[in-house]
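For reference, the structure is listed below as structure tokens.
The values are calculated or read from the model by the stated rules, or taken from the named source; none is laboratory data. Everything quoted here is computed from the prediction, not taken from an experiment. So basically every Cβ, Gly included, is an ideal-geometry build from the backbone, and we count neighbours across all protein chains shown. All accessible areas refer to the heavy atoms of the entire protein, side chains included, with ligands and DNA or RNA removed. Shrake-Rupley method; radii C 1.70, N 1.55, O 1.52, S 1.80 Å.
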Number of protein chains: 2
Amino acid sequence: MNELRIIDLIRETFASQKADLLDDVSFIKRGEGYIVFKTDMLVKSTDIPRGMTLRQASRKAVVACLSDMLCKGADLWGFMISLGIPKLLATEENVTLLSLGLMDASVQYEIPILGGDVNEADDLVIAVAVAGYARRMVRRDGAKVGDRLVATGPFGLTALGLGHLLGGKPLPRSLAASSLSSVYEPSPRKGLCKLLIDGGVVNASMDSSDGLAMTLNEMSRQSGREMVMTSLPAEPAFLRACSSAGLDALDLVLHGGEEYEAVLAVPEAKLPTAISLAAEAGARLYPFGIVRRGKARVLYSPPGSSPATEIPADGWVHLQ
Amino acid sequence: MNELRIIDLIRETFASQKADLLDDVSFIKRGEGYIVFKTDMLVKSTDIPRGMTLRQASRKAVVACLSDMLCKGADLWGFMISLGIPKLLATEENVTLLSLGLMDASVQYEIPILGGDVNEADDLVIAVAVAGYARRMVRRDGAKVGDRLVATGPFGLTALGLGHLLGGKPLPRSLAASSLSSVYEPSPRKGLCKLLIDGGVVNASMDSSDGLAMTLNEMSRQSGREMVMTSLPAEPAFLRACSSAGLDALDLVLHGGEEYEAVLAVPEAKLPTAISLAAEAGARLYPFGIVRRGKARVLYSPPGSSPATEIPADGWVHLQ
């Protein structure tokens, strides 16, 4: 049984509670805004690729978790760690590296550690819980007809890096450093989504951690709208390098994972405001599609090409 | 390197942040009160004894975590789960059992599930994060000279049950059911500590999860006071059964773990109020000692016996 079926089963068990388990960030209404929480787990046997240090791994465990909070526009209050560690790994050096990685994330994202718990386990497991506060609740299901699809950063690099590290696939030299650092030291943008969400220009937001195809299909399904990609949210230099190396840029953009970039639905009339808000924060937005009336599905339909290609929900699913 | 040294190393790394990592519940001041958080992890290879079902295990994972919140007098807002599961264990039946256990805890403690995340791992790992709200902040370090030491329930049964399940030790028949259920289905009291803490009769509170000896030593160290046990927080029937069976009741009371009972420091003048508040809630308190001026240590000194015995911080420590 894979991850998605497991989540469904848990949802079914809790159906009588009308538990809201559709987003991976939890909102609790409190005063004018929302207290927000998120948990995530990094597991050595499946989540730590070749060449990643323990310091990078523990930093990434925290960053992966707070990335979801950032894409909801939350201020970060703090994080907690539950560490499971095999006896053989529990050396002074390894624990120092793990601690330093936690500290790296704490310093970079200005988020204090609040506590945690340490256990023996057969696998190295770093479970992270992050808490914070958001003025507005923006979810995955809010995309409206006419909205523009916008990414907060380019896609494709992590798929390239992971394909190389896990599958021995070729890595164009010009993209080697950026694609490996996107895997080893992902750095979701700090204040960007908060600026956009507090500015009232975002109808839906989702952090892409299982790839763009999965992310768009989930937003499409929950919003009940058709989503049409008219271009790829990627850098021209990336597309050129892929083309020279005979790599399938569309596949890399769609089927990566762990990008830790937000996919946003922005009302068309507010796109210029969104772009200038981002520019003030020193960031660029990547508009790449539109939300249409129609059945919930994802299409790729660049100008001049027809018919459109349907993009299924293929991506990273645990326990396949 | 054991659990305590690992925690120290993480504390050292974060020393520059003056991170407050002395309690295992985190408090964030907000308005008149505090938002409180807690994470905890249950690991199959070390935390699930013989005979415990997966349903009991996932229930216990949640209960262990919220027990710490209850002993701080917190209202429970909700919990989140990070599940790591080996592929071979991820069957429909097992996941249903795990879900039902989460639901059992949710129903019994009236705490909704807020979300979570599912991963593949080499060990079954259930990491739980609980969030809530407390009107006052009561910590481990607040015990004052003259305070009475009070337990919210009797000690000894879990040590008896675990000793039997893990070490094949004898189990007196009259205590078999209660000691096994204390291991398989621990049930910390719901509103008791909240009533006492909101009632202003508690100076310090700590959940006993690693045994009474560990708990008292930690409270003594953090409060900088000597703690003297003058009796055992245990039921007379338990003491009689141990005596008949030739079991060392003192050892069982001191060196268990996972009792999920709070140890409180209550100002002597407020003890009658504490006892009547508890009685109104249908609960009993177990006064068993006093807090004295002196160096931070724990003594056992029942009336009529001398000299007092020093109780070292022996108990359950992971990764020994």
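Before moving on, here are some points about what is shown:
- Within 10 Å of each Cβ in A:100-106, the average number of Cβ atoms from other chains: 2
- Percentage relative contact order, chain A, counting C-alpha pairs under 8 Å, at least six apart: 23
- Relative contact order for segment B:170-320: 37 percent, from Cα pairs under 8 Å spaced at least 6 residues apart, divided by residue count.
- Extension gain, residue A:17 back to residue A:240 (0.36 nm per residue minus Cα-Cα distance, nm): 75.2 nm
- In this structure, the pairs whose alpha-carbon distance is over 26 Å, taken from A:38/B:44; B:60/B:295; B:144/B:194; A:29/A:60, are B:60/B:295; A:29/A:60.
- Per residue, chain B exposes 38 Å² of accessible surface when a 1.4 Å probe is rolled over the protein heavy atoms with every protein chain present.
- Lys/Arg +1, Asp/Glu -1 at C-beta; chain A dipole; positive extreme among A:215, A:116, A:130: A:215
- Computing FRET efficiency as 1/(1 + (r/R0)^6) for residue A:108 and residue B:53, where r is the C-beta to C-beta distance and R0 is 41 Å, gives about 0.45.
- Gaussian network model of chain B, Cα within-10 Å springs - most flexible of B:71, B:193, B:242: B:242
- For residue A:198 and residue A:2, the difference between the fully extended length at 0.36 nm per residue and the C-alpha to C-alpha distance is 66.9 nm.
- Pairing chain A with chain B buries about 5800 Å² of accessible area. This figure sums both sides and uses a 1.4 Å probe.
- Candidates A:213, A:245, A:131: whichever shows maximal mean-square fluctuation once chain A is modelled as a Gaussian network with Cα springs under 10 Å: A:245
- Gyration tensor (alpha-carbon) shape descriptor, segment A:74-220, a/c threshold 1.5: oblate
- Teacher prompt: residue A:294 distances to equivalent labels in other copies, 7 Å Cα→Cβ, nm: 8.0
- Shape call, segment A:206-320: gyration tensor on alpha carbons, a/c limit 1.5: rounded
- Only the Cβ atoms of Lys and Arg (+1) and of Asp and Glu (-1) were treated as charged; on that basis the dipole of segment B:1-152 about its Cα centre amounts to roughly 580 debye.
- Segment A:222-298 - percent relative contact order, Cα under 8 Å, separation 6 or more: 68
- Chain B: most fluctuating residue of B:45, B:209, B:187 per GNM, C-alpha cutoff 10 Å: B:45
- Residue B:181 label point (Cα plus 7 Å toward Cβ) to equivalent points in the other copies: 6.0 nm, shortest first.
- Counting Cβ atoms of other protein chains within 10 Å of each residue's Cβ and taking the mean over peptide A:6-18 gives 5.
- Distance between the modelled labels on residue B:176 and residue B:251, one decimal in nanometres: 2.2 nm (7 Å Cα→Cβ projection).
- The charge dipole of segment A:141-254, taken about its Cα centre with unit charges on the Cβ of Lys, Arg, Asp and Glu (plus for the first two, minus for the last two), comes to roughly 240 debye.
- Label-to-label distances for residue A:2 across copies, nearest first, come out at 4.4 nm, using points 7 Å from Cα in the beta-carbon direction.
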